[in-house]
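Bear in mind that the values in this text are calculations on the coordinates, not laboratory data. Source: prediction; values computed, not measured. Cβ placement follows ideal geometry from the backbone for every residue including glycine, while neighbour counts extend to all protein chains displayed.
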Amino acid sequence: MSEITKKLVVSASPHFRAKDTTTKIMLDVIIAMIPALVAAVILFGVRSLVLTVVSVISCVVFEYLSRKVMKRHNTIGDLSAVVTGMLLAFNLPSTMPVWMVIIGAFVAIVIAKQFFGGIGNNFVNPALIGRIVLMASYPTQIGNFEAPFAYKTVDAVTTATPLAQMTGVYSAENLGTAIDNANLPSLLDMFFGVKGGCLGEVCILALLIGFVYLVIRKVISPVIPLVYMGTVAVAMLIAGKGNFEFVAYQLMAGGLVLGAVFMATDYTTSPVSFKGKIIYAIGCGLLTSLIRIFGSLPEGVSFSIIIMNILVPHIEHLTTARPFGEVKEKKNKKEEVK
Amino acid sequence: MAEKKSLAKEFSKGLIKENPVLRLVLGTCPTLAVSTSVESAIGMGLAATVVLVCSNIVISAMRKVIPSKVRIPAYIVIIAGFVTLVQMLVKAFLPQIDEMLGVYLPLIVVNCIILGRAEAFASKNTVLYSAVDGVGMGVGFTAALLLMGGIRELLGAGSIAGFTVFPEAIPPMTIFVLAPGGFFVFGILIALANKVAERNGKPKAELKGCSACPMASTCSLVGSKEACKEETK
């Protein structure tokens, strides 16, 4: 350190100093996720709490062990593994076998995060990698959605997610009747989460409470979530030929709100600059809409966020602010020499 | 390396010290594509070894005749000849292996290991050494494929060489027989090989320097002491 203080340190933005620590920020994210967790327990029963706890504990244990094995200082105190664990569980259905959740936690923490250097160095969102690996490995189990409140009856009732029910709607001649025929939950049910889906994605109300909390606490800037959802809304408005009911279903179905609020905004894997954030969020929105409309999968939030995560260094490169007074060098100079 | 050569050394370097897949990072394409099961890994490894040994012998024998300006096309023609031969033999006698390897069998022509050894070794050394080098590299390639194929088949299909190992209650992780699983296993194996090499004081197998990083133009470390230290490590 003494060597560094002697010379002028030139570093990339942001330069601000604040009392915020990683632990504080992660704690805020955890608090923001509590409403969605409560909603999941109400809708899908205690099993969703069990899955979340298992996921969190295994993420923390894997983080501790991998840091230990790689002989690095331990980072479980920053709570980032807890956030990853909660997000991973939020991205899985309530019927998921417990040992599969542990495999997902292993992939998320060890492969996607620690192999690349731990917090701040992961190039994609760890929880999403965990989900995608599970999705590619166990498609039947991850597509097995329990109907809400099914735990109150004796037999478990499986159900289709609204997005899966809507697969036929995109190409329908008359969108309005197609939506009516698709046997979807009402828009109010969609908002409160009375529908099939992953643990954390169903209750839009709870997710919005978390979103507002994070924005008020200035943990996230609202740019990415709003532009992301806005892009999906515009794309779906065009695809739905101006049918607003269709747009409303699309916004509330699947993992869009969960992804836009909690996963696309991850500091490490989203751009720093304002312009970069907008490009990134539009990219996420377009990819999500394209996968939903044309793809063979009903949902595309996780894949679009991962793809845009990978593009973040390039977006950052394109949108870095030029220092004040600096002339466009390099290229001009080369031409002069010629 | 030039001062003292022994046949045993030339053979054994291909196995571990200069393993073509894990240390030289050559032949990545067939490695990822056909290491989905033990059977196809063995088939691919043996086919490539045969071509490698034959082409090394012929190229080494002709090394004084081939003009250096057109050496690459000449090597390719020689390699392609042997690949065609092997392909016809496999098609005739082991049609199942042919089906399993598909397009990757004729693609041995452009396998970097074979061309790389022709350029780096066979064109400068005698026939005997080139043949031994070919066998060593071929066995190293086969061993790496076998290791990857074993891991991927065990985790991805729950079996080893076609025999089921996992009980029915544990569904295998399909991702390991898909392309992403291949990259996972490949990356982790290279990381482990690097770790072992580091412990023995050998250089890592990796892309070094700032030029490989997309953030290079905005990164404050480019050209700084820390970055140079990192590069020269």
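With a ≥ b ≥ c taken as the square roots of the eigenvalues of the C-alpha gyration tensor of the range B:82-154, please select rounded if a/c is under 1.5 and otherwise prolate if a/b is larger than b/c or oblate if it is not? Walk me through the numbers before you get to the answer.
Numbers: a/c = 2.28, a/b = 1.41, b/c = 1.62.
Because a/c hits 1.5 or more and a/b fails to exceed b/c, the range B:82-154 counts as oblate.
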Practice item. Please compute the Cα-Cα pair-distance distribution of the range B:7-199 with 10 Å bins starting at 0, giving whole percents from short to long. Key: 10, 35, 33, 17, 4, 1, 0
Point to revise | Spatial extent of chain A: Rg and Dmax, with the Cα atoms as the point set, Å | key: 21.5, 81
Point to revise | chymotrypsin sites (Phe, Trp or Tyr not before Pro) restricted to DSSP loop in the range B:104-196 with at most 13 other C-beta within 10 Å | key: none
Review point. Which residues in the range B:96-122 have a backbone N closer than 14 Å to a point placed 7 Å from the Cα of B:Val77 along the Cα-to-Cβ line?
Key: none
**Study point:** Cα-based Rg / Dmax (Å) for the protein assembly as shown
**Key:** 27.7, 84
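Give me the Kirkwood hydrodynamic radius of the range B:26-129, using the inverse of the mean 1/r over all pairs of distinct Cα atoms, in Å to one decimal. Don't jump to the answer; show the numbers that get you there.
Values: mean 1/r = 0.0717 Å⁻¹.
With all distinct Cα pairs of the range B:26-129 included, I get 13.9 Å.
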Review point. How many percent of Cα pairs in the range A:183-338 exceed 29 Å?
Key: 26 percent
Review point. How many lysine pairs are close in the range B:7-199, with Cα atoms under 25 Å apart and the two 8 or more places apart or on different chains?
Key: 10
Point to revise | Charge context of A:Leu311, other residues only, Cβ under 15 angstrom, K/R +1, D/E -1 | key: 0
Review point. Taking Cα pairs under 8 Å and at least six residues apart, what relative contact order does chain A come out at, in percent?
Key: 17 percent
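Just check the range A:264-318 against the gyration tensor rule for me: Cα atoms, a ≥ b ≥ c as the square roots of the eigenvalues, rounded for a/c under 1.5, and otherwise prolate or oblate depending on whether a/b exceeds b/c. Intermediate values should be presented prior to the final figure.
Values: a/c = 2.61, a/b = 2.18, b/c = 1.20.
It is prolate, given that a/c is not under 1.5 and a/b is the larger ratio.
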Study note, to complete from the structure: Here the range A:199-268 gives, from Cα atoms, an Rg and Dmax in Å of 12.5, 38
